[in-house]
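*Asks:* Take a look at the following structure, please.
Please treat every number below as a calculation from the coordinates, not as lab data. No experiment lies behind these values; they were computed from the predicted model shown. Using ideal geometry, Cβ is built from the backbone for each residue, glycine included, and neighbour counts are taken over all protein chains shown.
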Amino acid sequence: MSFFLPCFTLNSLENSCANLIDPLRSGDIRALSRAISTVENRAPGWSDLLKALFPHTGHARILGLTGAPGAGKSTLVDQLARFYRKTKNPHPSRTERGLSGAPVSDENYTVGIIAVDPTSPYTGGAILGDRIRMQEHFSDPGIYIRSMATRGSLGGLARTTADVATVLDASGCDLIMIETVGVGQDEVDIVRLAGVTILILVPGMGDDVQTIKAGIMEIADIFVINKSDRDGAEHVEKEIRSLQSLALRRDGWTPPIVKTIASEGTGIDGLGAAIADYEAYLSKKNLALSKSAENWQERLVEMLRDAMLEKARTQFGDGNLARLASEVAEHKRDPYSLVEEIAQHIGK
Ligand SMILES: Nc1nc2c(ncn2[C@@H]2O[C@H](COP(=O)(O)OP(=O)(O)OP(=O)(O)O)[C@@H](O)[C@H]2O)c(=O)[nH]1
Ligand SMILES: [Mg+2]
């Protein structure tokens, strides 16, 4: 009898995931939050939930914002959220209910915000500051804010973030912003998944353009020089321009440089225009689909890697893997044949 108990629990959990879909699609905030948690924690039913939600996605514009700690990313996200909440969405896909379940009384963009890795050693307790700053948005049914602090969860951080964005997209969110600190490979992977990648730099602070991770410089579709109220904005602009002259992009786009003072709301309209310009360029050149396909190729590789690894783990168990690792360390086995053997085994 006790044998059946876990199965029963699992099934009822999976059913409850299926029951999330309709309320989530009609703007039930609790269903949205539960769906995100399910996906984030890889709780039972997570993949079936994503399978069911996927057909409802593909409508949201996704912006990735990254930059050094303290560059003003959250302040900029906050300002952009205000900007889009005042901007009419020409292609609304959502129902008349907002992200907080209450009706949205306008035809403007609804906005989802994902703040990734707020607990990194660089940012400390910054999320609290973000919360306070964002508080006035909480009464707006057109804005949903979620922070993700899970590092090293099953599936990489980039994949989990992308899956959370999928849930938001399916919930009828028109525009999603992902904020992440641009210091590691994870962050590069996260912003690469966005439709538009925005790199935020600041004058001074010893944070020369050269010190920003090269991978991020290359994937930036738009450069923002925030804190332009400080001295040195021109210097940063010159540095970006000289780097740009070294490498031409495959898509022929020259990323514009937008100066902002996020704390005063200056330059936000210009940034909104630059984002729209890039999207218009992509669609004019018929590049939107190929860019999306490139992103999906990265994602599929990552999903496949996760799935294979998971299969290997279940088949061999962590204990066995540890034993095999010891054998390799003791030179009793060679790792190359071992991996080949495991891969063959998984394929069966
Ligand atoms: N002078 C000036 N200060 C700014 C500007 N934009 C943001 N700030 C301030 O810079 C500090 C950091 O801003 P945040 O928006 O928290 O920066 P962040 O990049 O999100 O920081 P982390 O998430 O901790 O990496 C805050 O005190 C802001 O008020 C600006 O344009 N000029
Ligand atoms: Mg922040």
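*Asks:* For ASN295 and SER326, what is the calculated FRET efficiency with R₀ set at 30 Å and r taken between the beta-carbons, to the nearest 0.05?
*Replies:* 0.15
*Asks:* Here's something else I'd like to know. Could the peptides 257-267, 63-73, 275-285, 323-333 be put in order, highest first, of the mean number of other beta-carbon atoms found within 10 Å of their residues?
*Replies:* Final packing ranking: 63-73, 257-267, 275-285, 323-333.
*Asks:* Shifting gears a bit: When the Karplus curve 6.51 cos²θ - 1.76 cosθ + 1.60 is applied with θ = phi - 60°, which whole-Hz ³J(HN,Hα) does each residue of region 325-337 get, with x for Gly and Pro?
*Replies:* Along region 325-337, the couplings run 4, 5, 4, 5, 4, 7, 6, 7, 9, 9, x, 5, 5 Hz.
*Asks:* Stretched out fully, how many nm does the piece from ALA280 to LEU304 gain, at 0.36 nm a residue minus the Cα gap?
*Replies:* 5.4 nm
*Asks:* Would you pull out the residues with amide H under 5 Å of LEU65's amide H, same chain only if 5 or more places away, H placed 1.01 Å from N?
*Replies:* Here the answer is ILE178, GLU179, THR180, ILE198, since their amide H atoms fall under 5 Å of that of LEU65.
*Asks:* Can you give me the long-range amide H partners of SER147? Hydrogens built in the peptide plane at 1.01 Å from N, cutoff under 5 Å, separation of 5 or more residues or another chain.
*Replies:* The list, which skips near neighbours in sequence, is ALA115.
*Asks:* Hey, can you rank 238-249, 38-49 by average C-beta count inside 10 Å, highest first?
*Replies:* Per-residue Cβ counts within 10 Å, averaged per peptide and sorted highest first, yield 38-49, 238-249.
*Asks:* Turning to a different aspect of this structure: Checking the cross-link filter: which lysines have an alpha carbon closer than 25 Å to that of LYS86, excluding same-chain neighbours under 8 positions apart?
*Replies:* LYS73, LYS227, LYS259
*Asks:* Another question, then. Roughly speaking, what is the stretch gain from LEU287 to LEU248, that is 0.36 nm per residue apart minus the C-alpha to C-alpha distance, in nm to one decimal?
*Replies:* Numbers: separation 39, 0.36 × 39 = 14.04 nm, distance 1.64 nm.
In short, 12.4 nm is gained.
*Asks:* Ordered by packing density, taken as the mean number of other Cβ atoms within 10 Å over each peptide's residues, highest first, how do 103-116, 161-174 rank?
*Replies:* 161-174, 103-116
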